[in-house]
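One structure is given below, encoded as structure tokens.
The values are calculated or read from the model by the stated rules, or taken from the named source; none is laboratory data. What you see is a predicted model, and the numbers here were worked out from it, not measured in a lab. Backbone-built Cβ (ideal geometry, glycine too); neighbour counts: all protein chains shown.
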Amino acid sequence: MTISAQTIQRLKEAVGAKGFSEVQQEIAPHLIEWRSRYRGYSPLLLKPKNTAEVSAILAICNQTRTPIVPQGGNTGLVGGQIPMAGEILLSLERMRAIRAVDPDGMHLIAEAGAVLATVQAAAEEAGKYFPLSLASEGSCTIGGNLSTNAGGVNVLRYGNARDLVLGLEVVRADGHVLDLLRTLRKDNTGYDLKQLFIGAEGTLGIITAAALRLFAKPRRRATAFVAVRDPGAAVSLLGRLQDEMGGSVSAFELIPRIGLEFVCAHIPDTHDPLSARAPWYVLVEVTSSGHEPLEEVLADGIAEALDGGLVTDAVVASSETQRTALWRLRESLSEAQKYEGGSIKHDVSVPVKDVPAFLEQACATVEDLVPGIRPVPFGHLGDGNIHFNLSVPKGADDATYLTRWEEISRAVHDIVWDFDGSISAEHGLGAMKREEILRYKSEAEMDAMRALKRTFDPNNILNPGKVVVA
């Protein structure tokens with residue numbers, strides 16, 4: 001792809017001297033994603049400081065038919081944020097202001113480049129709580145979170161990213177600003193346009209700011225690390241705790257023994273919190289804005305599950321230090337897998353009740369395909385989202401193993417679809433699953449998606465080649 005010198009000059013002038021870079025050493029970190037699966041190229045990195053500059057950029061790109069790829073914290077895992085064909089790269093990193101915080105109205109307004117941890121801190125400072133929480137929260141941004149409809153560990157209680165949004169500010173492909181930045185809880189005046197841009201991965205418009213819901217700050221929190229005999233027991237435990245504790249169950253994370261072993265072997269200052277080995281574990285957290293003794297209630301619920309045979313061992317955190325240590329085990333699972341060689345990864349979801357059957361069938365299938373393969377399925381059991389990751393067999397060649405990614409993923413995704421599941425639960429389609437989704441979605445649904453793309457981006461300049469082919 002060749003972009004004219006005249007167009008590049010116009011784009012540079014639109015953002016000023018501090019708003020661009022042509023230095024490849026500076027651009028380079030933006031061109032590779034965390035897993036090193038996708039690498040790109042761009043002749044120009046744009047760093048607008050405000051919505052007006054984003055508007056000017058898109059007006060120029062639309063007029064000149066210049067493709068552009070938006071990027072937040074570059075933590076995406078399906079290549080959606082990488083310029084694959086030499087497109088202009090638009091980073092929202094300078095647009096990180098918290099524009100407003102309204103504790104009484106229970107919302108705040110953040111720009112797209114605001115880091116998720118910063119938004120959480122702003123809510124905390126106001127005495128409120130913003131529940132979106134991911135392992136990458138120290139570097140991922142609100143714009144990226146919304147563009148991929150991020151999930152995380154608190155979906156069970158608070159919902160996905162789209163459930164936390166009251167309003168958006170979006171720049172359309174032609175540069176016009178769509179002001180949907182309302183903070184009303186009720187606004188039934190036609191199509192809910194903001195939802196079109198959440199999860200669209202920057203293919204329909206570029207999110208520049210968001211009005212986000214806040215919640216009462218949890219006064220009490222209890223966390224337990226629980227050993228179970230199998231995923232079926234874990235699902236039963238989830239149902240029992242939800243019945244006993246109502247809506248206070250915030251997180252319910254499944255961890256396999258092999259994953260815990262990887263973490264303890266490779267991540268400093270981690271250890272198995274239980275004395276006896278178990279095949280599966282659950283990290284469960286309950287929260288409340290009231291004053292009920294959650295630790296006692298959770299401990300009692302686990303004790304009953306122990307008596308009933310659902311649980312084989314457990315520890316309830318007795319301090320914030322212990323709670324942090326337990327969560328570190330869960331949040332280090334992806335990092336620890338890097339030390340074990342090549343890993344073929346899947347971000348899938350099935351109905352919660354079907355997770356045990358899915359895991360049994362999927363593990364058996366991949367073990368037949370690759371004898372010695374090491375499944376490391378973990379994740380958000382409470383909402384049916386499993387990161388079905390598969391580490392290379394011990395002693396096998398990484399490069400040879402990774403050449404089978406598409407074959408293995410096809411087998412896994414077919415099983416997911418048989419369970420009425422989704423081949424992308426929270427990571428999006430990006431470049432990785434753009435073609436794969438055609439196997440599973442109906443032609444009518446794909447036609448509707450293509451029609452939206454053509455309507456909002458008729459010149460196909462916004463993140464072309466991602467999510468859907470126009």
Exercise. When only residues in the range 1-32 that are assigned to a loop (DSSP other than H, G, I, E, B) and in contact with a strand residue (DSSP E or B) (Cβ under 8 Å, 6 or more places away or on another chain) count, which is surrounded by the fewest Cβ atoms within 10 Å (Cβ to Cβ)?
Worked result: Glu22
Exercise. Considering only the range 76-101, how many residues are at pLDDT below 95 and within 20 Å of Leu168 (Cβ to Cβ)?
Worked result: 2
Problem set entry | Any chance Leu390 is touching a Pro at 6+ places or on another chain (Cβ under 6 Å) and either surrounded by 15 or more Cβ atoms within 10 Å (Cβ to Cβ) or at pLDDT 95 or above (or both) | yes
Exercise. Just a yes or no: is a residue in the range 148-166 among the β-branched types (Val, Ile, Thr), more than 22 Å from Glu253 (Cβ to Cβ) and crowded, with 20+ Cβ neighbours inside 10 Å?
Worked result: yes
Problem set entry | Any chance Lys441 is in a helix (DSSP H, G or I), over 27 Å from Ala135 (Cβ atoms) and among the basic types (Lys, Arg) | no
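Just to be sure, is Val366 modelled with pLDDT of 95 or more and over 21 Å from the mean Cα position of the chain (by Cα)?
Numbers: modelled with pLDDT of 95 or more: yes; over 21 Å from the mean Cα position of the chain (by Cα): yes.
Considered against the rule, which asks whether it is modelled with pLDDT of 95 or more and over 21 Å from the mean Cα position of the chain (by Cα), Val366 comes out as yes.
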For this session: Pick out the one residue from Thr189, Thr118, Thr203, Thr183 that is hydroxyl-bearing (Ser, Thr, Tyr), in a loop (DSSP other than H, G, I, E, B), closer than 27 Å to Ser289 by Cβ and outside the structural domain of Pro83 (by TED's automatic domain parsing).
Result: Thr183
Problem set entry | One residue from Glu53, Glu22 being within 19 Å of Ile461 (Cβ to Cβ), acidic (Asp, Glu) and modelled with pLDDT of 95 or more | Glu53
Seminar exercise, completed: Subset of the range 375-410, residues within 30 Å of Asn154 (Cα to Cα), hydroxyl-bearing (Ser, Thr, Tyr) and not in a helix (DSSP H, G or I), comes to Ser391
Exercise. If you go through the range 170-181 one residue at a time, do you hit one that is touching a residue at least 12 places away in the same chain (Cβ under 8 Å), closer than 18 Å to Ile109 by Cα and charged (D, E, K, R)?
Worked result: no
Exercise. When you go through Leu46, Leu92, Leu108, Leu116 one by one, which is the residue that is in contact with a Lys or Arg (Cβ under 9 Å, 6 or more places away or on another chain) and under 30 Å from Val286 (Cα atoms)?
Worked result: Leu108
For this session: From the list Glu137, Glu124, pick out the single residue that is of a type in the set (D, E, K, R) and part of a loop (DSSP other than H, G, I, E, B).
Result: Glu137
Exercise. Taking the range 237-263 as the region of interest, how many residues are out of contact with any helix residue (DSSP H, G or I) (no Cβ under 8 Å at 6 or more places or on another chain) and either part of a helix (DSSP H, G or I) or at pLDDT below 95 (or both)?
Worked result: 7
Problem set entry | Only one of Asp368, Asp354 that is in a helix (DSSP H, G or I) and over 28 Å from Val249 (Cα atoms) | Asp368
For this session: List every residue pair whose Cβ atoms sit under 6 Å apart, with the two residues 6 or more apart in sequence or on different chains, where the first one lies in the range 411-436 and is under 25 Å from Leu156 (Cα atoms) and the second, anywhere, is among the small types (Gly, Ala, Ser) and assigned to a helix (DSSP H, G or I).
Result: Val412/Ala362; Ile415/Ala362
For this session: Kindly list the number of the only condition in (1) on the phi < 0 side of the Ramachandran plot; (2) surrounded by fewer than 20 Cβ atoms within 10 Å (Cβ to Cβ); (3) small (Gly, Ala, Ser); (4) part of a loop (DSSP other than H, G, I, E, B) that fails for Gly86.
Result: (1)
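Could you tell me which of the residues Leu178, Leu212 is within 30 Å of Ile57 (Cβ to Cβ) and surrounded by fewer than 22 Cβ atoms within 10 Å (Cβ to Cβ)?
Details: Leu212 fails: surrounded by fewer than 22 Cβ atoms within 10 Å (Cβ to Cβ).
Within the list Leu178, Leu212, the selection yields Leu178.
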Problem set entry | Any chance Glu367 is closer than 28 Å to Lys353 by Cβ, surrounded by fewer than 21 Cβ atoms within 10 Å (Cβ to Cβ), in contact with a His (Cβ under 7 Å, 6 or more places away or on another chain) and free of Cβ contacts under 8 Å to residues at least 60 places away in the same chain | no
Exercise. Among the residues of the range 408-416, is there at least one that is out of contact with any Asp or Glu (no Cβ under 7 Å at 6 or more places or on another chain), within 18 Å of Ile198 (Cβ to Cβ) and modelled with pLDDT of 95 or more?
Worked result: no
